[in-house]
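Step one of this worksheet: look at the structure below.
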Amino acid sequence: MQGMWIRGGRPLRGVWRVSGAKNAALKMMAAALMATEKCVITDVPAINDVRTMMGVMRHLGADVQLHPNGRLDIVPPAVDAWEAPEHLVRQMRASVLVMGPVLAKTGRVRIALPGGCAIGPRPIDLHLRGLRLMGARIVEERGFVEAHAARLRGAEIQLDFPSVGATENLMMAATLATGTTVIRNAAREPEIIDLQTFLNSMGAKVVGAGTDTIRVVGVEGLRGARHAVMPDRIEAGTAMVAAAVTGGDIVVQNVIPEHLEAVTAKLREAGVEVAPAGPGGLRVRGSGRPRSFYVRTQPHPGFPTDMQPQFMALASVAEGSSIIKETVYTSRMKHADELRRMGADIVVDGSVAVVRGVERLTGAVVEAPDLRAGAALVPAGRAGDGEPVVEGPERSDRGYELFEEKLQAVGAEVRRMAEDTPVAGGRPLVSV
Ligand code: EPZ
């Protein structure tokens, strides 16, 4: 594992420019597999999850090139490959998003079942149930799913839970089905609206994204398209909390404020100032210790689970006791142990954390259990005394483009340590 050394005790100040959204770009890449012509997607973040998806797409026969300016050229496969590579699917769960598009385009797909992950079991039963309703014959055996359907047909699908991935997989598959598909209790995340826009520019007929009912009228084929990915609202929220937790002052640029309403409301409740800063900008100023708060994660437009670790870090230095309830995942609380090592006072009972704020966190060697937790621990380390080291920062490279460069741009003294650099008392014994 690598490490990230941080000099603590100083506020962060400056400008943070947000990249294109990981959780929108990955789905558009999958959708582009259905086109008959080249697609160009811009504002694609150069992050490890995008590289993994590029690997999956190449394996499926697509020609994919990511340029340094964030432009991704995708020439869809000429031959209908239909087996997604197991090692990449196991590495990144979002690879299951190729299932709907490949099945719809080629009439068959074979993909490894993604395993559990650091934040809990993550089944794909809702994806499979929806595809079955659209006429797919699906066999699950030896850790693989194989689906066949000469042509999918439109169906009425009621999701038991507004799953983001199931909504997207079914919406994509439905674009090439016969007849109309209606997805009820659909997820309403902004990334789904962005995917709808991309699909429609390819010639699909999708309406309703952003509401709980999505209607898709199937078409005969999808053409090439060009689309710019929406800004990453979770990266924006992470930068906002980084300002708040260090008592700093950051202007976060390239944001859509409406996407951040739940995060902004919660920050204001904690006494953090959030104000517009020109078009596409928000200025976030923390002064003194934040006030305690109650957070309950929910599907959009509720408070996003992907911001829960960052808010736990904020609660750790708040005045008074905060309560955090995770309702989307069963075990997304592992960062509590790490924050505790930094001096936080947190009791976790199942999916509820009670956080009694302390005046200051301290330096310690901690580990980032997943990508969002890493993005919570590094700014938290900056807030505390001493020189903490966060192990596993490469997990945040999965989802944050130029994370340490952006932290440095707002004044953080952070340094990446090569794998297995020995540390003692929070200090790297070998400088890198
Ligand atoms: C997306 O995951 C995001 N990933 C996640 O972001 C995010 O946390 C999540 O949505 C919720 O907002 C991408 O977009 C690539 P779900 P997804 O299907 O689609 C259960 C990050 O840090 N469920 O809405 O997998 C599931 O187990 C990542 O960027 C079923 O039970 O989320 C989970 O508890 C982490 N059966 C809950 O629903 C299913 O068939 C939410 O999952 C599908 C889901």
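A short reminder: the numbers here are calculations on the coordinates, not readings from a lab. Bear in mind that the values here come from a model prediction, so they are computed numbers and not experimental data. Reconstructed Cβ throughout: ideal geometry from the backbone, glycine too, with neighbour counts over all protein chains shown.
Per-peptide packing, taken as the mean over residues of other Cβ atoms within 10 Å, places 402-411, 136-145 in the sequence 402-411, 136-145 from highest down.
Net charge around residue 168, counting only other residues with Cβ within less than 14 Å of its Cβ (Lys, Arg = +1; Asp, Glu = -1)? Intermediate results must be reported in sequence, preceding the final value.
Working: positive: 22, 27, 93, 188; negative: 189, 191, 194.
With Lys, Arg at +1 and Asp, Glu at -1, the neighbours total +1.
Where both bridge residues fall in segment 22-228, DSSP classifies roughly 70% of the beta bridges as antiparallel. Across segment 95-109, computed HN-Hα scalar couplings (Karplus, 6.51 cos²θ - 1.76 cosθ + 1.60, θ = phi - 60°) run 4, 5, 5, 7, 4, x, x, 5, 4, 5, 7, 9, x, 7, 7 Hz from first to last residue, x flagging Gly and Pro. Amide H contacts of residue 213 (H built 1.01 Å from N, in plane; Pro and chain starts excluded): 186 sit under 5 Å, all sequence-distant by 5 or more or on other chains. Over the chain, DSSP H runs of length four or greater, each weighted -39,500 (n - 2.57), average out per residue to a 222 nm ellipticity of -9000 deg cm²/dmol. Dipole of the chain computed with +1 at Lys/Arg Cβ and -1 at Asp/Glu Cβ about the Cα centre; of 297, 120, 178, farthest Cα towards the positive end is 178.
The order of 394, 220, going from fewest to most other C-beta atoms within 10 Å of their C-beta, is 220, 394.
The lysines whose alpha-carbon is closer than 20 Å to the alpha-carbon of residue 334, local same-chain residues fewer than 8 away aside, are 325.
Report the net charge of residues surrounding residue 19, where surrounding means a beta-carbon distance below 9 angstrom and charges are Lys +1, Arg +1, Asp -1, Glu -1.
Values: positive: 17, 22, 406; negative: 43, 232, 235, 401.
Around residue 19, the charge tally is -1.
Peptides 245-256, 282-293 ordered by packing proxy, namely the average of other Cβ atoms within 10 Å per residue, highest first: 245-256, 282-293. A simple packing score, the average count of other Cβ atoms within 10 Å per residue, orders the peptides 49-58, 313-322 as 313-322, 49-58, with the highest score first.
In this structure, the residue pairs whose Cα-Cα separation is over 27 Å, taken from 22/266; 38/406; 38/205, are 38/406. Taking every alpha-carbon pair under 8 Å whose residues sit at least 6 apart, segment 273-332 reaches a relative contact order of 34 percent. Here segment 12-51 and segment 90-121 have alpha carbon centers that stand 18 Å from each other.
Between 143, 225, 107, the Cα set farthest toward the positive side of the dipole of segment 22-228 (charges on each charged residue's Cβ, about the Cα centre) is that of 107.
The charge dipole of the chain, taken about the Cα centre with unit charges on the Cβ atoms of Lys, Arg (+1) and Asp, Glu (-1), comes to about 460 debye, rounded to the nearest 20.
Quick one: check the C-alpha center-to-center distance for segment 335-401 versus segment 229-247, whole angstrom. Computed from Cα coordinates, the inter-centre distance equals 16 Å. When you filter the trypsin sites (Lys or Arg not before Pro) in segment 198-227 for DSSP loop state and at most 16 other Cβ atoms inside 10 Å of their Cβ, you are left with 223.
For a test of the definition: using alpha carbon positions, the gyration tensor, and the 1.5 limit on a/c, classify segment 59-159 as rounded, prolate or oblate. Oblate shape, in that a/c is at least 1.5 and b/c is the bigger or equal ratio.
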